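Trainee: Got a structure for you, written out below as structure tokens; questions coming shortly.
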Amino acid sequence: MKKIASEAEKLRKKKFSRSAMGIFLIFLMVFSTASFAFIDYSNEDSSVQERITYQGTEFSSDGYFWYFTIGGNQFATLYNPQELAAEGITSPLDYSLSRYTNQPLYYVGDGEGLGEIDRNIRFLLLRTSRACLTGTICEGNFPIKDCNDHIIVFKESVSPSIYSENNCVFIVAPRASLAKYTDAFLFDLFDV
């Protein structure tokens, strides 16, 4: 048989339950706050999988992008210059970022190469836009531009190269290698 509890006993049990719950919640709050104090939140090395130094510039990889800093600005490329040099991929051009700073830049073509250029130097440019090159078939409603404007042309070809005509830069490579040749051009711009 169940014992009949008095009002005082019920009240005592209720107080005990509330006190136990209060002590548990205080313990939980103190413990969670203390645990945050011991967790290292600096993202230094937390996602870095590999580091290299190439010609005085330090590169770190998160497994997808290679990050590096020049002039206080952080950049991200798919490849590092050491990988490209090992494959013999370099840019024969001797351009610098000042060539494009505060200038409009037009892109002809598409693919990873366009994303690489846009992600890394867009903040330096006056504006960017897709365009069509005079004398070529235009696939889209883009402005027609010639090599008097700053244009980067991405072309697919089995014979890779990087060359220029006036203000046009042609990055020519098989689709699978277009980002590599684009990164080689970027490293030329960054003087890496």
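The values are calculated or read from the model by the stated rules, or taken from the named source; none is laboratory data. What you are looking at is a predicted structure, and each value in this text was computed from that prediction instead of being measured. Methodologically, a virtual Cβ is constructed for each residue, glycine included, from the backbone with ideal geometry; neighbour enumeration extends over all protein chains shown.
Trainee: Among the numbered criteria (1) over 26 Å from SER161 (Cα atoms); (2) surrounded by 13 or more Cβ atoms within 10 Å (Cβ to Cβ), which single criterion is violated by GLU83?
Mentor: For GLU83, the failing item is (1).
Trainee: Let me ask something else. Look through the range 88-135, keep the residues that are charged (D, E, K, R) and under 18 Å from ASN73 (Cβ atoms), and return whichever of them is nearest to the chain's Cα centre (by Cα).
Mentor: Of everything passing the filter in the range 88-135, ARG119 is nearest to the chain's Cα centre (by Cα).
Trainee: May I ask you to say which residue of PHE190, PHE185, PHE123, PHE154 is in contact (Cβ under 8 Å) with a residue 40 or more places away in the chain and surrounded by fewer than 15 Cβ atoms within 10 Å (Cβ to Cβ)?
Mentor: It is PHE123.
Trainee: Is there any pair with a first residue in the range 79-104 that is touching a residue at least 40 places away in the same chain (Cβ under 8 Å) and assigned to a loop (DSSP other than H, G, I, E, B) and a second that is surrounded by fewer than 13 Cβ atoms within 10 Å (Cβ to Cβ) and acidic (Asp, Glu) whose Cβ atoms are under 7 Å apart and which are 6 or more apart or on different chains, and what are they?
Mentor: Taking only residues 6 or more apart or on different chains, the pairs are SER96/ASP191.
Trainee: Between ILE117, ILE121, ILE171, ILE137, which is farther than 30 Å from GLU50 by Cα and among the β-branched types (Val, Ile, Thr)?
Mentor: Residue meeting the stated conditions: ILE137.
Trainee: Of all the strands (runs of 3 or more DSSP E) wholly in the range 107-192, which have at least 1 residues that are in contact with a Cys (Cβ under 7 Å, 6 or more places away or on another chain)?
Mentor: In the range 107-192, the matching strands (runs of 3 or more DSSP E) lie at 151-156, 161-165, 168-173.
Trainee: Any residue that is surrounded by 14 or more Cβ atoms within 10 Å (Cβ to Cβ), modelled with pLDDT of 90 or more and farther than 15 Å from TYR181 by Cβ - is there at least one of those in the range 86-93?
Mentor: The answer is no, given that none of the residues of the range 86-93 is surrounded by 14 or more Cβ atoms within 10 Å (Cβ to Cβ), modelled with pLDDT of 90 or more and farther than 15 Å from TYR181 by Cβ.
Trainee: Kindly list the number of the only condition in (1) at pLDDT below 85; (2) within 19 Å of the chain's Cα centre (by Cα) that fails for GLU58.
Mentor: Going through the list (1) at pLDDT below 85; (2) within 19 Å of the chain's Cα centre (by Cα), GLU58 breaks only (1).
Trainee: Quick one: would you say LEU133 is crowded, with 16+ Cβ neighbours inside 10 Å, more than 27 Å from GLU83 (Cβ to Cβ) and modelled with pLDDT under 95?
Mentor: yes
Trainee: If we keep just the residues of the range 157-182 that are surrounded by fewer than 19 Cβ atoms within 10 Å (Cβ to Cβ) and of a type in the set (D, E, K, R), which is nearest to ILE117 (Cα to Cα)?
Mentor: Selected residue: ARG175.
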